[in-house]
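Working notes, beginning with the structure itself.
The values are calculated or read from the model by the stated rules, or taken from the named source; none is laboratory data. Computed from a predicted structure; not experimentally measured. FYI the Cβ positions are ideal-geometry reconstructions off the backbone, even for glycines, and counts take in every protein chain you see.
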Amino acid sequence: MDDLRSSVRAFLRSYDFTPAVDAWNGGWDEDFTRALAARGWVGMTIPQEYGGAGRTFLERYAVTEELLAAGAPVSAHWIADRQTAPSLLAHGTEEQKREFLPAIARGECFFAIGMSEPDSGSDLASVRTAAERTGGGWLLTGTKVWTSGAHRAHAILVLARTEPHDPSARHDGLSQFIVDLRAPGVTIRPILTMGGEHHFNEVAFTGVYVPGDRLLGRVGDGWRQVTSELGYERSGPERFLSTLPLLDEAAAATRRGELPHHPDLGRHIARITGLRHMSQGVARALEAGETADVEAALVKVLGTTLEGDIVEFAARLGMADPLLTAAQLRRAGFTLRGGTNEILRGVIARGLGLR
C-alpha cells in the first residue's frame, strides 16, 4: 500500500494543477481523469473482465485519500467511479455492465446523480419524478436539483416513481433508470454558487423516452438500491478531507512562523485520524458486501462538521489565502449534500434503536 501511495504522490508532483478545497465536487479536469485512468486509478474496484483494475476497496481508498489531500481536480469521474460503478456491478444487466463499466474505467464516461428534487430536501421518499410504461420503454417526467456536473456528464442515474404514491408505503414503487443527458426532452439549467461557480444544475425531464434496457435493477426496487448506494456516497474520505488543503496550509504557515501556534490545529488533526479509521471500516464492510448505512451516516455527520470547523479555525487565525475564501463560500454545502446532517442524525438514531 505504501508503494501505491508513493506512486500517486509522484504522479501528483509531476502534474500541473492548482490545489483546491472541495476539488472532488468542483474540480472538473477530463485530462487529469484520463491520466489517472491510464495508470489504473479510475475504476480500481471494477473487475478486470469489465475493464477495471480489480483491486480492493482499501487500495482505492488509499488512492482517493492521496488525491483529496492534494486538492486534485477529480470531479469529472468522481460520481461514476464512487457510486455508479458499484451500483452497476450490484444491479446492472450484463449488457449494462459491458457498455458502461469499461468506459468509466477509461475515464471516458461521466455520470450525475438524479435523487434530490425541488421542495423535497433530503426526503427521498417524497420523489415526484414519474416514469410511465410506454411500448418497450418508459416516459420520464419530473425535475432533479443539485445535480453536480450534469451539464458535462454523459448520463444520469434517476430515481423515479413507477407506481402511484401510497402515503402508507412511501418507499414502495420507486425504480432507477440510466438516462442519456443528451436525450430529447432533457433540459439542464445552471445553479450558480455564491462564488459564481457552475457545477450544480437543475435537470428537467419532459416526456423523456427511456428504453426498457435502461432500467437499473428491478422495477419497484429503487429504494433498496438507492439506500445501499448512499453508503458509498456518505462514507468516503471526501466527507472529511474537502478542507484538508486549507488545514495543511495553516499548519505550514504555523511552521514558518507566519501564524500563531494554536491547540485546535492538533485537535483537528486528531479528529481527521479518528474519522479515517471510521471511514476505512466502512470501506471494509462494503467490500465484504455488508450494510453500513449507520456507520456511513456517522462518518458524514462528523466529517462535514469537522470541515466547517476547519474553515472557522483558519478564519480565526487570520489566514489570508485563496483557499480560505473558497472554503468559506463552499462551507454551506458541506452539511447539505449527501443528506442533511439533521436527516442523517435521524438515520443514526433509528439505526441505534434510539427512535
Which members of segment 93-119 meet the condition of being without any contact (Cβ under 8 Å) to a residue 60 or more places away in the chain and either among the polar types (S, T, N, Q) or at positive phi (or both)?
Ser116, Asp119
Condition met for Ala20 (in contact (Cβ under 8 Å) with a residue 24 or more places away in the chain, outside the structural domain of Arg337 (by TED's automatic domain parsing) and either over 26 Å from Leu275 (Cα atoms) or in a helix (DSSP H, G or I) (or both))
no
What about Thr291, is it more than 25 Å from His199 (Cα to Cα), in contact (Cβ under 8 Å) with a residue 12 or more places away in the chain and either among the polar types (S, T, N, Q) or not in a helix (DSSP H, G or I) (or both)?
yes
Would you point out the residue of segment 309-355, among those that are of a type in the set (Val, Ile, Thr) and closer than 15 Å to Arg239 by Cα, that is surrounded by the fewest Cβ atoms within 10 Å (Cβ to Cβ)?
Thr340
If I filter segment 233-245 for residues that are within 22 Å of Ser116 (Cβ to Cβ) and surrounded by fewer than 23 Cβ atoms within 10 Å (Cβ to Cβ), do I get at least one hit?
yes
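Would you call Ser175 hydroxyl-bearing (Ser, Thr, Tyr) and surrounded by fewer than 22 Cβ atoms within 10 Å (Cβ to Cβ)?
no
Tell me which residues, restricted to segment 1-38, are of a type in the set (Asp, Glu) and either in contact with a helix residue (DSSP H, G or I) (Cβ under 6 Å, 6 or more places away or on another chain) or closer than 24 Å to Ile79 by Cβ (or both).
Matches in segment 1-38: Asp22, Asp29, Glu30, Asp31.
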Against the definition (surrounded by 17 or more Cβ atoms within 10 Å (Cβ to Cβ), touching a strand residue (DSSP E or B) at 6+ places or on another chain (Cβ under 6 Å) and not assigned by TED's automatic domain parsing to the domain that holds Leu323), how does Thr187 come out, yes or no?
no
Looking for something among the small types (Gly, Ala, Ser) and either more than 30 Å from Arg330 (Cα to Cα) or in a loop (DSSP other than H, G, I, E, B) (or both) - is there at least one such residue anywhere in segment 157-167?
no
Exactly one condition in (1) surrounded by 23 or more Cβ atoms within 10 Å (Cβ to Cβ); (2) closer than 20 Å to Gly173 by Cβ; (3) among the hydroxyl-bearing types (Ser, Thr, Tyr) is not met by Thr84; state its number.
(2)
